[in-house]
Amino acid sequence: MSRENSNNSKVEMSFRIVNSLGLHLRPARMLANLTNKFESDIFIKKNSEEVNGKSIMGIITLAAAEGALLKVTAIGPDAREAIEAIGKLIENKFGEDE
Amino acid sequence: MKGISISEFYEKMKDELQLTLVAGKDGFNRRIRWPEINRPGLALAGYVDYFAWRRVQILGKVEITYLWSLEPDVSRARIAQILSRKVPCMIVARRYCALKQLLEEADRLKVPLFRTPLVTVDLIDRITVFLDNEFAPSISLKGNLVEVFGEGVFLEGKSGVGKSETALGLLARGHRLITDDVVRIKLRERKYLIGSGSELTRHHMEIRGLGIINVQKLFGAVCFREESQIDLAITLERWDPRKEYERLGIEEDTIRILDKPVPHLTIPVRTGRDLVLMVETAALNHRLKSMGFNPARALDEQLIRSMRAR
């Protein structure tokens, strides 16, 4: 991937929470640890509420239960990679539910 | 060499136990190799199988009056029988008069014999506490030990990361220093980790740029304690952006000191982080957790409940 293309791109994608306990503390920590690895700014929106995707306290205020739909936005040089990684973590149920 | 010699024992305990040497002064190089005491009643009565000769032998009312009741040649033979094993020393409690045979045999077989005015139970208690402490597993670790809100906090980390400066800041806020730089740790009663400092340097700290300071002179007696239990270990380290630091505190990390688990935190150091405040908060939070309240767990439960309710 060339630098020019990836610089400050904006990528948006929606994900549904599939683990039965929802986005509680442990998944929130996994998500924040993941998002902090990326240079891009990351935002997560549920309904009308949008929070900083790098903040644990932000993520848990969403109280995203199983079935909730989250719109994740990444803006920055590694936005695409960030979105892909976040999607994988959510789909894999944060390693919960077996 | 393992154990403690009778001369060391006498030096350290003669005041507390009010010991007087009455016989066997040539046996001061004998060693106590076992942190327990024995009352040799059965052995004096003639049953010497399993006689615990390695232990400090205590003669109380029962033993002394029993010896008095025997024929002189019988008591001499029984005494010789037990003293010819490598008993470290004997102590007669309650200011009892040791009989002549006992004094003579102790001299002949070079077994130190002491007398004390203490009652037997009191004597046994004090010796046991002393021996337990002397024989306790111990280790010296680099770092410092501070008492913060009553919690003993062992601060460790690489040289130059700010351990001493943090301890100094805590002192200035009214907390107490036990030792800076090297902590001697003992495991008391197989349960408690107790840390202390070296007698020579324990009032001193070395602060880069200031040199050696005497904290007791600077801050007064209130800032100082001789020893403290270790309740919490904190590692200070330079912030590593690639490392994931604890963000919740749901699970408890521990390190092992003398094979005992100690709750442990790693606090990354970075400009703008007030380490004194961080350590104070860590100590308070640990206190709260040991009272059974884990703030992260409580929040997690509340969060899960509120998600279910929707």
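Please work out which one of (1) within 14 Å of chain A (Cβ to nearest Cβ); (2) of a type in the set (S, T, N, Q); (3) touching a Leu at 6+ places or on another chain (Cβ under 7 Å) is the condition B:GLN229 fails and give its number.
Every listed condition holds for B:GLN229 apart from (1).
Can you name every residue in the stretch A:15-48 that is more than 25 Å from B:TYR245 (Cα to Cα) and assigned to a strand (DSSP E or B)?
Across the stretch A:15-48, the qualifying residues are A:PHE15, A:ARG16, A:LYS45, A:LYS46.
Would you point out which residue out of B:GLY249, B:GLY220 is out of contact with any Ser or Thr (no Cβ under 6 Å at 6 or more places or on another chain), more than 14 Å from chain A (Cβ to nearest Cβ) and on the phi > 0 side of the Ramachandran plot?
After ruling out the rest, the residue left standing is B:GLY220.
I need the full set of residues from the stretch B:70-93 which are touching a residue at least 12 places away in the same chain (Cβ under 8 Å) and more than 28 Å from the chain's Cα centre (by Cα), in order please.
B:PRO72, B:SER75, B:ARG76, B:ARG78, B:ILE79, B:ALA80, B:GLN81, B:ILE82, B:LEU83, B:SER84, B:ARG85 - these are the residues of the stretch B:70-93 that are touching a residue at least 12 places away in the same chain (Cβ under 8 Å) and more than 28 Å from the chain's Cα centre (by Cα).
Looking at the stretch B:262-296, which of its residues are outside any helix (DSSP H, G or I) and of a type in the set (Val, Ile, Thr)?
Across the stretch B:262-296, the qualifying residues are B:VAL262, B:THR266, B:ILE267, B:VAL269, B:THR271.
Could you say whether any residue in the stretch A:34-43 is within 11 Å of chain B (Cβ to nearest Cβ) and open to solvent by less than 20 Å² (accessible area, probe 1.4 Å)?
No, every residue in the stretch A:34-43 fails to be within 11 Å of chain B (Cβ to nearest Cβ) and open to solvent by less than 20 Å² (accessible area, probe 1.4 Å).
So which residues in the stretch A:56-88 are within 14 Å of chain B (Cβ to nearest Cβ) and out of contact with any Lys or Arg (no Cβ under 8 Å at 6 or more places or on another chain), if there are any at all?
Within the stretch A:56-88, A:MET57, A:GLY58, A:ILE59, A:ILE60, A:THR61, A:GLU66 qualify.
I need the full set of residues from the stretch A:49-90 which are open to solvent by 10 Å² or more (accessible area, probe 1.4 Å), under 17 Å from A:LEU23 (Cα atoms) and assigned to a loop (DSSP other than H, G, I, E, B), in order please.
A:LYS54, A:SER55, A:ALA65, A:GLU66, A:GLY67, A:ALA68
Kindly list, by first and then second residue, each pair from a residue in the stretch B:47-64 that is without any contact (Cβ under 8 Å) to a residue 60 or more places away in the chain to a residue that is of a type in the set (Phe, Trp, Tyr) and not in a helix (DSSP H, G or I), limited to pairs with Cβ atoms under 6 Å and residues at least 6 apart or on different chains.
Correct list of pairs: B:ARG54/B:TRP34; B:ARG55/B:TRP34; B:ILE64/B:TYR96.
Return a yes/no flag: does the stretch B:266-275 have any residue that is open to solvent by 30 Å² or more (accessible area, probe 1.4 Å) and within 28 Å of the chain's Cα centre (by Cα).
yes
Residues that are closer than 22 Å to B:PRO241 by Cα and modelled with pLDDT under 95: does the stretch A:62-74 have at least one?
No.
Among the residues of the stretch B:83-95, write down those that are in contact with a Leu (Cβ under 8 Å, 6 or more places away or on another chain) and surrounded by 20 or more Cβ atoms within 10 Å (Cβ to Cβ).
Once the filter is applied, which keeps residues that are in contact with a Leu (Cβ under 8 Å, 6 or more places away or on another chain) and surrounded by 20 or more Cβ atoms within 10 Å (Cβ to Cβ), the stretch B:83-95 yields B:LEU83, B:CYS89, B:MET90, B:ILE91, B:VAL92, B:ALA93.
Give me a count of the residues in the stretch B:278-310 that are touching a helix residue (DSSP H, G or I) at 6+ places or on another chain (Cβ under 9 Å), away from chain A (no Cβ under 14 Å) and without any contact (Cβ under 8 Å) to a residue 60 or more places away in the chain.
4
Take the stretch A:11-22 and flag every residue that is within 14 Å of the chain's Cα centre (by Cα) and either surrounded by fewer than 20 Cβ atoms within 10 Å (Cβ to Cβ) or facing chain B (nearest Cβ under 8 Å) (or both).
Result: A:VAL11, A:GLU12, A:MET13, A:SER14, A:PHE15, A:ARG16, A:VAL18, A:GLY22.
Suppose we filter the stretch B:252-264 for residues that are at negative phi and out of contact with any helix residue (DSSP H, G or I) (no Cβ under 8 Å at 6 or more places or on another chain); how many remain?
9
Got a sec? Which of B:SER306, B:SER290 is out of contact with any Leu (no Cβ under 6 Å at 6 or more places or on another chain), over 20 Å from B:ASP180 (Cα atoms), outside the structural domain of B:VAL183 (by TED's automatic domain parsing) and open to solvent by 20 Å² or more (accessible area, probe 1.4 Å)?
Going through B:SER306, B:SER290 in turn, the sole match is B:SER306.
The values are calculated or read from the model by the stated rules, or taken from the named source; none is laboratory data. Quantities reported herein were computed from a predicted structural model and do not represent experimental measurements. When we count neighbours, we look across all protein chains shown, and the Cβ atoms used for this are built from the backbone with ideal geometry, even at glycine. Accessible surface areas use protein heavy atoms only, side chains included; no ligands, DNA or RNA. Shrake-Rupley method; radii C 1.70, N 1.55, O 1.52, S 1.80 Å.
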